[in-house]
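One structure is given below, encoded as structure tokens.
The values are calculated or read from the model by the stated rules, or taken from the named source; none is laboratory data. Everything quoted here is computed from the prediction, not taken from an experiment. Positions of Cβ are backbone-derived with ideal geometry, glycine not excepted, and every protein chain shown enters the neighbour counts.
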Amino acid sequence: MEQAKQKVLFESGNELAAYAAKQINYHIMGYYPITPSTQIAEYLDRMKADGEHSIDLIPAEGEHSAAGICYGASAGGGRVFNATSANGLLYALEELPVQSGTRLPMVLNLACRTVSGPLSIKGDHSDVMYTLNTGWIILFANSPQEVYDLNICAIKIAEQLRLPVIVAFDGFFTSHQKRKCFVFAEDKSVRDFIGPKSCDYSVLDPEHPVTIGSYMNEPDLINNKYQLHMAMTQARTSIPKVFAEYRELSGRTLETVTSYRADDAEILLFILGSSYLTAKAAVDKLRKEGKKVGVFSLGVLRPFPSEQIAEICRNANKVLVADRQDSYGAGGGNMTLEIRAALQQKGLTTRVLCRIYGLGGRDFYEKDALDLFETCYEQEVPDFDYIGIYPGEKDFTTKPYFEPVTTANSLQGLTSCKEIDGKITVTGGTVRDTTARPKRLAPGHGACPGCGIPVNVNLLLRGIEGNVVLLFQTGCGMVVTTGYPKTAFKVSYVHNLFQNGAATLAGLSKMYRKMQERKELPPGDITFIMVSGDGGLDIGMGSALGTALRGDPVIILEYDNGGYMNTGYQLSYSTPMGAKSATSHLGPEQWGKTFFHKDMPRIMAATGMPYVATAAESDPNDFIKKAAKAQYYAKNHGTAYIKCLSACPLNWGDKPNTERRVISAAVNSCFFPLYEIEQGITTLSFDPEKSGQKIPVADWLKMMGRTRHLCEDNYFEIMENIQKEVDRRWSRLKAQAAHPEL
């Protein structure tokens, strides 16, 4: 095979993963943004807008659904691609054995990241190790160049073996660090290397119908798993062959096991990922001192290359395995356990030590590698330990940063509610009435200037009497308020992930009632409030709907900032149609988000929950009164839900000092109407038509950089469709408000 023409790019691992996917020109990418893999979808979307590929990028509402999109697409016989990280991988984890068990090929890029909790977005290997038993081929790239190369090999390997393949690499190290890399100058070179797509069966062939994913008992199931095992066995020879073909095409060598100065090494360090390159420099330094040391790493985790590892370690006295994750309670991380087993299988008595390092993205320097090697020369050295930990203060006692908001200073009678004929009347509840209310969310958070999150949370809490427990889903709101070891909350606070916030709070509120029932807690009352945003009620919608259907006594506040903001502003289902974002670029072939924004209040109302409302900081008195109503309904009738439009000047493309006017314009254009639904009855809180303040939706959209382009002449048809949809929703809302039973 003749070497293909190549060119030099200065790109990161994420960029090169996207570039390889573009050159392969997959049919489908199902995805959900999660740091640090998000950029892969962003780069592909930008190239799609510029017409560089024809991949259909499908934004799911969560990683579980993204995996389902990919599975369904691969059942159709096409080429399928995905990218994820950390808890996103774990959310999709049950789909991975489905994909491999039905022998449907695809490629998943995994930018490795810490699995929370506590929440951390930095890189380690705690996610990829969960995939070892899923039946997927697992390749691991040590550099951005290898991310590119392995992605091209991965799809060929997947289709030869009829198995899905993971291409893993270090998050924020390999994923984000730019390097000079070689790529094929022509996409055709990549496609010729991979070859035409062929599949043995497809559900899209009506002349030859198939059933995929049958119900299966023993003895058939064990045969199915044996066939998967046989495919993995075949991979031990297929993968090196593909790597050899790729070397002929590219001139670059990919290896199952890669090593440096290991042949005569007495002390060997095993380390996975980008740290391998750092360890090589340490080896050179120690070799100059006359110490026989070496280092090795893996390019393939599954199938595990036991034979090659045993051969490399045959002459070593000690092998120190640096694991960037721990298999808690097992005396080592997963790589330690597997290397020990590989050496034992070959009858080697080499001592294998384990050191857990680099968790949460802690940097790994040359000195750290030198220290690891020096450990092996000590007289007494434990088999297992952590490095990089630090002792706490022996006499440390926790001290509150603020005076807490307790029963004594939270029950002030600033708002009160009465129920008359199925409707709630609020006494008090204006900005003036509630100025004496102590803030449960203190100043000193890290939100961007002009961010609407603290404004909206504090407005809600102005209307809440008594004790409060807050739960924040993952998002900007929790990141900017709880950076360890400090907190901005003067009341109790819990965090859980996007997809499970409402269920978590429901369990907490139930526990409170149960412990009071058993007299394990004193009499009293607590209002339980979940705060969600940044796309949290896309991925978390199922949990929220389940809570509403059960009628759990909690308040759900959704601060709608119209995107996945804490990952860098990718499109959310709440993003306005036509808005540009990091996954809805503008270009010759694309004009921003292609579908209308989700009407979450109407979805919540469909559960029959007792109270649904929308609120805006442009009308703070209305906001506070609705908060008081929500508290009453949550205590007496079931789940209450309030949605507020929340400004994000960084990503909306406007200025912090204009946000109240921008929010007001959204209300006046009827894009974000103010209303409430009490016990199924709709009431308008504000009618901009009757007040003479109604404006075209274009007047609102032109106030923000993310949507200003929609007011240009060449987007007239799209703007017209947006206006029609806003008018349709407003007309329906007015009709419901005029009807005595709606």
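General observations
- Criterion (in contact (Cβ under 8 Å) with a residue 40 or more places away in the chain and assigned to a strand (DSSP E or B)) met by exactly one of L269, L286: L269
- The set of residues from segment 23-52 being within 15 Å of S572 (Cβ to Cβ) and touching a His at 6+ places or on another chain (Cβ under 7 Å) comprises just one member, D45.
- Qualifying residue in segment 481-492 (condition: surrounded by fewer than 24 Cβ atoms within 10 Å (Cβ to Cβ) and either aliphatic (A, V, I, L, M) or modelled with pLDDT of 95 or more (or both)): yes
- Among residues of segment 594-614 that are under 18 Å from K635 (Cβ atoms), those with a beta-carbon under 9 Å from a residue that is of a type in the set (V, I, T) and in a loop (DSSP other than H, G, I, E, B) at least six positions away or on a different chain give the pairs M609/T639; P610/T639; Y611/T639.
- Segment 614-633, subset part of a helix (DSSP H, G or I) and touching a Cys at 6+ places or on another chain (Cβ under 8 Å), residue surrounded by the fewest Cβ atoms within 10 Å (Cβ to Cβ): Y632
- The single residue among F472, F498 that is closer than 24 Å to G638 by Cβ, at pLDDT below 90 and not hydroxyl-bearing (S, T, Y) turns out to be F498.
- Failed condition for T253, given (1) under 29 Å from Q3 (Cβ atoms); (2) assigned to a helix (DSSP H, G or I): (2)
- On the stretch given as segment 76-125, residues that are among the aliphatic types (A, V, I, L, M), farther than 18 Å from N334 by Cβ and modelled with pLDDT of 95 or more total 9.
- Sole exception among (1) in contact with a strand residue (DSSP E or B) (Cβ under 6 Å, 6 or more places away or on another chain); (2) farther than 28 Å from F182 by Cβ for S306, by number: (1)
- Every pair of residues 6+ apart whose Cβ atoms lie under 6 Å, when the first sits in segment 41-57 and is within 11 Å of Y19 (Cα to Cα) while the second is of a type in the set (D, E) and in a helix (DSSP H, G or I): Y43/E15
- Considering (1) in contact with a Pro (Cβ under 6 Å, 6 or more places away or on another chain); (2) closer than 25 Å to V662 by Cβ; (3) surrounded by 13 or more Cβ atoms within 10 Å (Cβ to Cβ), the lone condition that V405 does not fulfil carries the number (2).
- Check on L119, buried (at least 24 other Cβ atoms within 10 Å of the Cβ) and more than 22 Å from T583 (Cβ to Cβ): no
- Some residue of segment 645-655 being of a type outside the set (S, T, Y), outside any helix (DSSP H, G or I), within 23 Å of V612 (Cα to Cα) and assigned by TED's automatic domain parsing to the domain that holds M577: yes
- Filter result (surrounded by 24 or more Cβ atoms within 10 Å (Cβ to Cβ) and assigned to a strand (DSSP E or B)) within segment 582-613: S584, Y611, V612, A613
- Count of residues meeting criterion [assigned to a loop (DSSP other than H, G, I, E, B), of a type in the set (V, I, T) and either over 17 Å from L163 (Cα atoms) or touching a Pro at 6+ places or on another chain (Cβ under 8 Å) (or both)] in segment 190-235: 3
- Residues considered: I464, I453. Of these, the only one that is on the phi < 0 side of the Ramachandran plot, in contact with a strand residue (DSSP E or B) (Cβ under 9 Å, 6 or more places away or on another chain), of a type in the set (A, V, I, L, M) and not in a helix (DSSP H, G or I) is I464.
- Considering segment 456-480, the residues that are surrounded by fewer than 21 Cβ atoms within 10 Å (Cβ to Cβ) and touching an Asp or Glu at 6+ places or on another chain (Cβ under 7 Å) include one that is nearest to I529 (Cα to Cα), namely N467.
- Residues satisfying the stated conditions in segment 384-401, i.e. modelled with pLDDT under 85, of a type in the set (F, W, Y) and within 32 Å of the chain's Cα centre (by Cα): Y401
- Restricted to helices (runs of 4 or more DSSP H) entirely inside segment 1-106, those with at least 3 residues that are more than 25 Å from K180 (Cα to Cα), assigned by TED's automatic domain parsing to the domain that holds Q227 and of a type outside the set (G, A, S) are 63-75, 86-91, 95-101.
- Criterion applied to P688, P656, P740 was being farther than 23 Å from E558 by Cβ and either of a type outside the set (S, T, Y) or crowded, with 19+ Cβ neighbours inside 10 Å (or both), and the one residue passing it is P740.
- Cβ separations smaller than 8 Å between residues 6+ apart or across chains give the following pairs from segment 414-443 residues that are within 16 Å of Y632 (Cβ to Cβ) and assigned by TED's automatic domain parsing to the domain that holds V491 to residues that are among the hydrophobic types (A, V, I, L, M, F, W, C) and loosely packed, with under 13 Cβ neighbours inside 10 Å: L414/A436.
- Residue check for L742: at pLDDT below 95 and either in a helix (DSSP H, G or I) or over 19 Å from K598 (Cβ atoms) (or both): yes
- Filter pass, L701 being at pLDDT 95 or above, assigned by TED's automatic domain parsing to the domain that holds L460, among the aliphatic types (A, V, I, L, M) and closer than 24 Å to N566 by Cα: yes
- Selection of first residues in segment 517-542 that are within 22 Å of A60 (Cα to Cα) and of second residues that are part of a loop (DSSP other than H, G, I, E, B) and aliphatic (A, V, I, L, M), restricted to Cβ pairs under 6 Å at least 6 apart or on distinct chains, gives the following pairs, ordered by first then second residue: D534/M565.
- Strands (runs of 3 or more DSSP E) wholly inside segment 340-444 containing at least 1 residues that are farther than 30 Å from V455 by Cβ: 351-356, 384-386, 415-420
- Taken over segment 701-720, the criterion of being part of a helix (DSSP H, G or I) and surrounded by fewer than 14 Cβ atoms within 10 Å (Cβ to Cβ) is satisfied by D713, N714, F716, E717, E720.
Yes/no matrix, rows are residues, columns are (1) of a type outside the set (S, T, Y); (2) surrounded by 23 or more Cβ atoms within 10 Å (Cβ to Cβ); (3) more than 22 Å from G542 (Cβ to Cβ):
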{"position": "A4", "(1), (2), (3)": "yes, no, yes"}
{"position": "H27", "(1), (2), (3)": "yes, no, yes"}
{"position": "P36", "(1), (2), (3)": "yes, yes, yes"}
{"position": "G51", "(1), (2), (3)": "yes, no, yes"}
{"position": "C70", "(1), (2), (3)": "yes, yes, no"}
{"position": "F81", "(1), (2), (3)": "yes, yes, yes"}
{"position": "A86", "(1), (2), (3)": "yes, yes, no"}
{"position": "L89", "(1), (2), (3)": "yes, yes, no"}
{"position": "L93", "(1), (2), (3)": "yes, no, no"}
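- The listed residue being under 30 Å from the mean Cα position of the chain (by Cα), surrounded by 11 or more Cβ atoms within 10 Å (Cβ to Cβ) and not assigned by TED's automatic domain parsing to the domain that holds D170, out of T375, T336: T336
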